[in-house]
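A short worksheet on the structure shown next.
The values are calculated or read from the model by the stated rules, or taken from the named source; none is laboratory data. If you're wondering where the values come from, they're calculated on a predicted model, not measured in any experiment. Ideal geometry is used to build each Cβ from the backbone, glycine not excepted, and the neighbour counts take in all protein chains shown. In case anyone asks, the SASA skips ligands and DNA or RNA and just uses the protein heavy atoms, side chains included. Shrake-Rupley method; radii C 1.70, N 1.55, O 1.52, S 1.80 Å.
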Amino acid sequence: MTAVVEEPAPSAATEQTAPAGLTVEILKALMEPFPKEVIGKRPKLKCKDCAENRGQCPKHRKEHCRGCGQYISTAHIDLDFVGHAEVTRRLLLVDPNWNWEPVAFNADGLPKFDEHGGLWIRLTVAGKTVLGYGHAEGKKGPDAIKEAIGDAIRNAAMRMGVALDLWRHEAPAVEPDQDGGWFTDTQTRIIQARSRGELEGIGQEIVSRIKTGGLDPTIGDILRWLYKARTDQLAREQAQAARAGSSEQPQAAPAAAPEAAPAGDVPSPA
């Protein structure tokens, strides 16, 4: 008779549970700035002719850049960035069961790349799914595939707040209102809000910026998620306080705990 070998049950030390959803704590962890020692430099060509002619055009020369360490056209800027490994580590910290999948597959069942060599993906963290796009910037072969996947994961993670501060520095013209600290200040105000009324006032301010076009969609999404997470958190805190209050007064008739406020969201602009 063939012996049946049972797979051992996971120990408490190795068992990992996915979070129930985007909470204030998870969003704060995703948006936590990275330490300087893991932030690298990557070049970005400013000259279209250089970009289309293997990195150099007749108007610019190539030289070694002390910032990014590459031999490249002088018509470039160095951007701060965080590598794929650090982004993956951050995602694992907040949700051990995070995953990604391609938006489309080819006839062989593999991720489908577009005509530019780019890849669209869906990234899911704590039950929330966002789109991301990555490309390999002219690379070919297996390394190009890995580069595109890593770039797509970084791009999608940024839409959840990972290394968002570095992305904002890369594109200040897209987010003029956030350069003065409004985005960071609004995050703090949402997290520290002590009532639904206080939160609703912040929500109206966000809506006003959306209406006037002064808020990048990525920033708007992150603030909406944080707003809803804090609303849910306040509802739980109020319910717990009500239960604690009723248990401290055993002689009085038990009062029904107030119904938790419905999960709120930033009001949609009219």
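What to note about this one:
- Segment 30-68, subset small (Gly, Ala, Ser) and either in contact with an Asp or Glu (Cβ under 8 Å, 6 or more places away or on another chain) or modelled with pLDDT of 80 or more (or both), residue most open to solvent (accessible area, probe 1.4 Å): Gly67
- Filter result for the condition that a residue is under 26 Å from Gln56 (Cβ atoms) and touching a Leu at 6+ places or on another chain (Cβ under 8 Å), over Ala136, Ala152, Ala75, Ala144: Ala75
- Within segment 120-127, one or more residues are on the phi > 0 side of the Ramachandran plot and either aromatic (Phe, Trp, Tyr) or modelled with pLDDT under 95 (or both).
- Subset of segment 47-106 (residues that are under 25 Å from Ala157 (Cα atoms) and aliphatic (A, V, I, L, M)): Ile77, Leu79, Val82, Ala85, Val87, Leu91, Leu92, Leu93, Val94, Val103, Ala104
- Among the residues listed as Ala126, Ala85, the single one being in contact with an Asp or Glu (Cβ under 7 Å, 6 or more places away or on another chain) and under 30 Å from Val24 (Cβ atoms): Ala126
- Meets criteria (open to solvent by 40 Å² or more (accessible area, probe 1.4 Å), over 21 Å from Ile153 (Cβ atoms), charged (D, E, K, R) and in a helix (DSSP H, G or I)) for Glu25: yes
- Residue match in segment 234-241 (condition: open to solvent by 30 Å² or more (accessible area, probe 1.4 Å), more than 20 Å from Met160 (Cβ to Cβ) and among the aliphatic types (A, V, I, L, M)): yes
- Boolean, Asp143 is out of contact with any Lys or Arg (no Cβ under 9 Å at 6 or more places or on another chain), open to solvent by 70 Å² or more (accessible area, probe 1.4 Å) and over 13 Å from Leu30 (Cβ atoms): yes
- In segment 94-120, the residues that are open to solvent by 60 Å² or more (accessible area, probe 1.4 Å), touching a strand residue (DSSP E or B) at 6+ places or on another chain (Cβ under 6 Å) and in contact (Cβ under 8 Å) with a residue 40 or more places away in the chain: Trp100
- Among the residues examined, Ala148 qualifies as surrounded by 15 or more Cβ atoms within 10 Å (Cβ to Cβ) and part of a helix (DSSP H, G or I).
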